[in-house]
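The values are calculated or read from the model by the stated rules, or taken from the named source; none is laboratory data. Note that the coordinates shown come from a computational prediction; the quantities given were computed from them, not determined experimentally. Note: ideal-geometry Cβ built from the backbone for every residue, glycine included; neighbour counts use all protein chains shown. Quick note on the areas: whole protein, heavy atoms, side chains included, nothing else; ligands and nucleic acids left out. Shrake-Rupley method; radii C 1.70, N 1.55, O 1.52, S 1.80 Å.
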Amino acid sequence: MSNTAPSTILSTVRFYARAHSLLSPGPLVLAVSGGTDSTAACLILADLREEFGLVLHVAHFDHRARPRAAAADAAFVAELANHIGATLRVGRAEAPPKNEDDARNARYDFLRRVARDLGATAIATGHTRDDQAETVLLHLTRGAGLAGLAGMRPERDGIVRPLLAIGRSDTVAVCEAARITPREDPTNRSLRFARNRIRHRVVPELAKLNPDVTSAIARLAHAAAAVADIAADRADATLDAAESLDDLAIDRLPTQNGARADALALWWARRTGQRLAARHRSALSGLAASTNGSRSLDLPGGRALREYSTLRIVARDQRSAVTVGQRSASTDKKRLRKGPITLERGSIASWHGWRFAFVTELDGEGHVGYVDAERVGVRGRRPGDRMKGPRGQKVQDVFTNAKVPARERDDWPLVTADEAVVWIPGITPPPRSGRSALRAVRSGDDTPQE
């Protein structure tokens, strides 16, 4: 084995790493499968470690997809780690992956655990310019936007890709110069995988039109990344005005579709850690296009719940937030019954964040109604509730017209007299027909909203 990569390749990686600030002094985890690209990454970074102050740690993950070859792969990586003077961590999947996404997620979970244990500055992969071209083409076929056309970034989420400036032919040259024969994964030839079909069928055809097509696609990715970053900065500024602790105000988002979609996608990524594909971005934009009623949508990372002009994220199993106003009495009686209370003249009581005083002074302005009764009740809504009066409007319709979010309706008080609903404080006009005053104050709200 030799320790020195070809000087031109080394110079290219050095310049790229410096231009993008990819390599910082300290521990660096090298993700090594034993294939040509990751082996070359090991050798190149070993040559650059003193210059950048790196402490190299090799990490190898067994996906359990190739049981017969796994031991030989691990032995090769161990020998390579020993050759460059790096420590070695080996991980193994609990079960064979069901698909490429499962394999990738398991591998990166392992790599991040190793990085945390070592206090590493980053995780370095062996992705090359050819990988970038394949990624962009895959995203293109799936209808990606600018962010998808940007492909893999030089650095993102603690993953650095210093070899994006060189091609697969360069990594082969590095291994040959070191007299190392990397491991070969037969699945890389299988046309069952979309990336392999791009690699073995699409790219060769495009190379007939332009022999340097991978470089051309890489330039496209770089240009798309620059534009996408500008859009992200604008989206970030938009979110500052529209985002609260838990909610997103849809009416404060840009009206232009592209800018609105960018803001929504950035909001989702911040809250869930998941970047949305084009079809999911479109679906989220569609959800935010209306402010009528309540709707929800399952997306990678959670469930988007829109209640009128407010958008928030809930867990996938939190279905009640959107359907509580739609369920029947028989399926949700316990939830709808909120422990009714009765007030007689001169009494004070609290009910789910509200304070009530019946013919008694209560600090603050609040809402005041006048009823003709010796006692009144305060309770939560019940199936079939209607307001007292000749028209008898449904309480459910009152909440809907007032745009009260579904999640708040069970905790909103209904005032009753002789079992009839006479008042919904803060929503319906207070009754004025009686002589007994009832004051209602919502916690934290001392401003009248009659």
message = Being surrounded by 15 or more Cβ atoms within 10 Å (Cβ to Cβ), assigned to a loop (DSSP other than H, G, I, E, B), hydrophobic (A, V, I, L, M, F, W, C) and out of contact with any Lys or Arg (no Cβ under 8 Å at 6 or more places or on another chain) is the filter here; which residues of the stretch 382-415 pass it?
response = V404
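Look through the stretch 90-134, keep the residues that are of a type in the set (K, R) and without any contact (Cβ under 8 Å) to a residue 40 or more places away in the chain, and return whichever of them is nearest to V55 (Cα to Cα). Walk me through how you get there before you give the answer.
From the stretch 90-134, those of a type in the set (K, R) are 92, 98, 104, 107, 112-113, 116, 129; that's our starting set.
Within this subset, residues satisfying the condition of being without any contact (Cβ under 8 Å) to a residue 40 or more places away in the chain are 92, 98, 104, 113, 116.
Numbers: R92: 24, K98: 35, R104: 25, R113: 17, R116: 15 Å.
Checked the stretch 90-134; the qualifying residue nearest to V55 (Cα to Cα) is R116.
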inquiry  = Just to check your reading of the model, which residue among F52, F110, F76 is among the aromatic types (F, W, Y) and within 21 Å of the chain's Cα centre (by Cα)?
reply    = F110
ask   = Mind checking which residues of the stretch 366-405 are modelled with pLDDT under 80 and touching a strand residue (DSSP E or B) at 6+ places or on another chain (Cβ under 6 Å)?
value = G366, H367, P405
Filter result (closer than 24 Å to R112 by Cβ and of a type in the set (S, T, Y)) within the stretch 1-49 = Y16, S21, S24, S33, S38, T39
task = Tell me the strands (runs of 3 or more DSSP E) entirely within the stretch 1-107 that contain at least 3 residues that are open to solvent by 40 Å² or more (accessible area, probe 1.4 Å).
result = 87-92
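Residue-by-condition table, conditions (1) more than 16 Å from V136 (Cα to Cα); (2) open to solvent by less than 40 Å² (accessible area, probe 1.4 Å):
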| position | (1), (2) |
| --- | --- |
| S215 | no, yes |
| L220 | no, no |
| A224 | no, yes |
| T255 | yes, no |
| T272 | yes, yes |
| S285 | yes, yes |
| N292 | yes, no |
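Looking at the stretch 123-168, which of the residues that are of a type in the set (K, R) and assigned to a loop (DSSP other than H, G, I, E, B) is surrounded by the fewest Cβ atoms within 10 Å (Cβ to Cβ)?
Applying the first criterion (of a type in the set (K, R)) to the stretch 123-168 yields 129, 142, 153, 156, 161, 168.
Right, trim to assigned to a loop (DSSP other than H, G, I, E, B) and you get 142, 153, 161.
Details: R142: 12, R153: 19, R161: 25.
Among those that are of a type in the set (K, R) and assigned to a loop (DSSP other than H, G, I, E, B), it is R142.
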request  = Name the one entry in D251, D236 that is within 18 Å of the chain's Cα centre (by Cα) and assigned to a helix (DSSP H, G or I).
outcome  = D236
